[in-house]
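Everything below concerns the one structure shown next.
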Amino acid sequence: MFGIADLVTVCIIEERFKFLKNNPRHLEFILGGLTHWNVLREKIGADHIDKAIEYITENKIHIAPFYEIDVDRTPAILVVTSGNEEQQFIGDDGVSGIDLSGQEVRPTVYTKWVASSYEDNCLFVSADYKLKEKIWRQVAITNGDFSTKLSGIVDREIDGVMNTVLYLANDIPEGIDNRQWQAQSDAVTFACSLGASLDSITIQCKLLTNGDFHLHRIIGTALRYCIKSSKSIFAENGIYDPYLSYSPPLPSQDYGENVFESVVTINAKMADHWIQEIYSPPTQFGLTVNADNKVDDPVVIIEDDGDESGG
């Protein structure tokens, strides 16, 4: 999760700086505010801002997660993310249901047989298959080319031979092959329980420049603009409600002489989710009803046979 936040932030800053390089007038607008006050004009001056704009548009700013970058190259922006256990679960226990469309469960085949013949919606099968013990009403019946539901099933003697007659919900088309019939479960889609939460994260963007101290301030202003103008892009990538804090630019103790560093810190919430459980709906239930007539008031007892398919 935190590695994703790193990459999202790196990509956003890269794209926004690229935009500023291609549209220097935006930089003039952003940095022009630094010359509104007399004291700032004296300290920085429009000419210095022009040089800073030229520096940003003509130099590559190296932007990467902190573990990838060669810190000898400046200017550079190092991005690192951390988090804590402050989580806001979505739902009572962080679980919500969702269907995974297109994830089809292969049907369960209960039994197969070869039919003797058929007529209208009746399929005649040898009683030797003992289909009454293996299938039930509303089960799916198919031979690959034709599919329907079973409406009823009876054993009947025909021309001195016991047959099982399957009454189907639809008439069987002419020319259907009698071979390779089977009873199966319906095709269903996977469903799953998802865990979801909003986690507190901190994304730190360390800016490194060498040379002019005021140049560092100006690039830092552009960096803050890149982040603040990208709130909607952060949200599109699951990072919500970002707010910024800053550290002042100081001489670096770690990256060599004449190098200045400052940190822009993004505090935000990041959406996280995980698969809690995958299941499929049950396709068959069995109930046994017993009537007890040995007492004054008959009692009907319903027992679950425990016969069910599905997850």
Can you tell me what percent of all Cα-Cα pairs in segment 109-184 are more than 15 Å apart? 47
Give me the net charge for the shell around Gln182: Cβ to Cβ below 11 angstrom, other residues only, Lys and Arg +1, Asp and Glu -1. +3
Per the rule of 0.36 nm per residue minus the C-alpha distance, extending Arg224 to Glu28 adds in nm 69.1 nm
Can you tell me the FRET efficiency between Asp186 and Asp145 if r is taken as the Cβ-Cβ distance and R0 is 25 Å, rounded to the nearest 0.05? 0.90
Can you give the convex hull volume per residue for the Cα atoms of segment 221-260, as a whole number of Å³? 97
Cβ neighbours within 10 Å, averaged per peptide: list 154-161, 243-250, 54-61, 260-267 in order, most packed at the top. 260-267, 54-61, 243-250, 154-161
Pop a pseudo-label 7 angstrom from the Cα along the beta-carbon direction at both Leu7 and Thr265 and give the gap in nm to one decimal. 2.7
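Read the figures in this text as sums done on the coordinates, not as results from a lab. The model shown is predicted, which means the values in this text are computed figures rather than measured ones. Reconstructed Cβ throughout: ideal geometry from the backbone, glycine too, with neighbour counts over all protein chains shown.
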